[in-house]
1. With +1 on each Lys and Arg Cβ and -1 on each Asp and Glu Cβ, and nothing else charged, work out how big the dipole of segment 23-136 is about its Cα centre, in Debye to the nearest 20.
2. Which loop-located trypsin sites (Lys or Arg not before Pro) does segment 212-282 contain, where loop means any DSSP state but H, G, I, E or B and the Cβ has at most 14 other Cβ atoms within 10 Å?
3. How long is segment 232-310 along each principal axis, judged by its Cα atoms, biggest number first, in Å?
4. Can you list residues from other chains, or at least 5 along the same chain, whose modelled amide H is less than 5 Å from the amide H of Val299?
5. Could you compute how fast segment 114-196 diffuses translationally, taking Rh as the Kirkwood radius over C-alpha pairs and applying Stokes-Einstein at 10 °C with viscosity 1.306 mPa s? Give it in µm² per second.
6. Tabulate in residue order the Karplus-calculated ³J(HN,Hα) for segment 120-126, using 6.51 cos²θ - 1.76 cosθ + 1.60 with θ = phi - 60°, rounded to whole Hz; enter x for Gly and Pro.
7. Given Cβ point charges of +1 (Lys, Arg) and -1 (Asp, Glu) and nothing else, what value in debye, to the nearest 20, does the dipole of the chain about its Cα centre take?
8. Could you name the lysines whose alpha carbon sits less than 18 Å from that of Lys296, not counting residues in the same chain fewer than 8 places away?
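What follows draws every value from the coordinates through simple rules; no lab data is involved. As the structure is a prediction and not an experimental result, all values here were calculated from the model. Don't worry about glycine lacking a Cβ; one is built from the backbone with ideal geometry, like all the others, and counts go over all protein chains shown.
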Amino acid sequence: MSTPSPARLRQRIIRLLAETPATDIHTHLFSPAFGSLLLRGIDDLLTYHYLIAEFFRWHQHLDYDVFFSLPREAQAAAVWQTLFLDHSPLSESSRGLLTSLHTLRCPLRSRNLDKLRAFFAQLSPSEHVDLCMRAVNIDTLVMTNNPFDPAERACWERGVPDDPRFRTALRIDNLLTAWPAAAQDLRTMGFRASAELSPSTRSAIRSFLLAWINRIKPLYLMASLPPTFSLPSPDPGARILTDIVLPLLRERNLVMALMIGVERQVNPALRLAGDSIGRMNINTLVHLARSFPTNKFLVTILSRENQHELCVVARKFRNLMPFGCWWFLNSPFFIEELTRMRLEWLGLTFIPQHSDARVLDQIIYKWLHTKQILAEILTQKYATIEATGWKVSNDDLRRDISDLLRNNFWRFLE
């Protein structure tokens, strides 16, 4: 029997990864109808909080507030000078920016920021969205829609036209992590909620959720939670999740997405760049999966130390779907480690990536870098089974890659 060629196998996989549409199941992007809420272009890329945190590591004596008081263009110029001209852009965030610019054929050789600004100025928001989605063959971008954000809520109240490129996800962090302050927000929106979780307040929360589910028609509900969030618990947020949210989602056949492990504002002076990380107690997921077997949970965890636990628990509970390499895990080192682990423990029953992009152009590097890593891992894995005499056809590869990039997500929502 002839030995299969890893090089030919790798080329087949690279081609299919490029040809197969992917669904980006979690972003912080908005359709062009949301106006300035859609971040895009070089100045938004340079002032993204990933790069802001790196910038301050080179400026030990620069006052945070002085920097943040500068106009956005001046902040961007300072970051460009420090991270791209004064030093080589080797971090994943800065390299990623270069990958996105290169893919869009921006004028990079001159290292001239004004020329880069001119390139993006010629693109309308809708043209820009199409350009980025085509660059990495994304069929759908799932937004994160937060009714507790007054600016976004105002857009929905004015009316937002449907855009087939974008789908919605309803974010409810405030209900689970900021009670009773969230009760005041509900009252502002016309729902009669009080600090106590009385029957009338529970009814108000349910009415609020139903109103927004009916308004924006989300694919799923979601919350970003601290590592200390635990179940079972008498805390108001835990009770709201288990007593109100999950029963309602079961009625409406909607999935709950949980993103767990962020420690908010460990350094408030850094503003959006000031969040950090912590390890969760995996027994919270065990409790959820076991106590709510007819609910489904998309789950991503921020701490590397939790990843093996998540794989093991997902093997035990089919209503858990691990997804993505979130935030501080979105670097080649961790993407490779997590993807290998998941393939070895879960087979093809997970969602390898989401962009988490806040700036439109970031979807390019997040997906291109992931696909490069996927190509290497899949080549090695398929080569090991071909070595046993199990021939892997193009149809096999196409099916498996489609499952990873899009079908696993849509099937889990059914």
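1. Roughly 400 debye for segment 23-136.
2. In loop regions of segment 212-282 (DSSP not H, G, I, E or B), the sparsely surrounded trypsin sites (Lys or Arg not before Pro) are Arg264.
3. 42, 27, 24
4. When sequence neighbours closer than 5 places are left aside, the close amide H contacts are Leu258, Met321, Phe323.
5. 101 µm²/s
6. Listing the rounded values in order: 6, 5, 7, 9, 6, x, 5 Hz.
7. 920 debye
8. Lys217, Lys316
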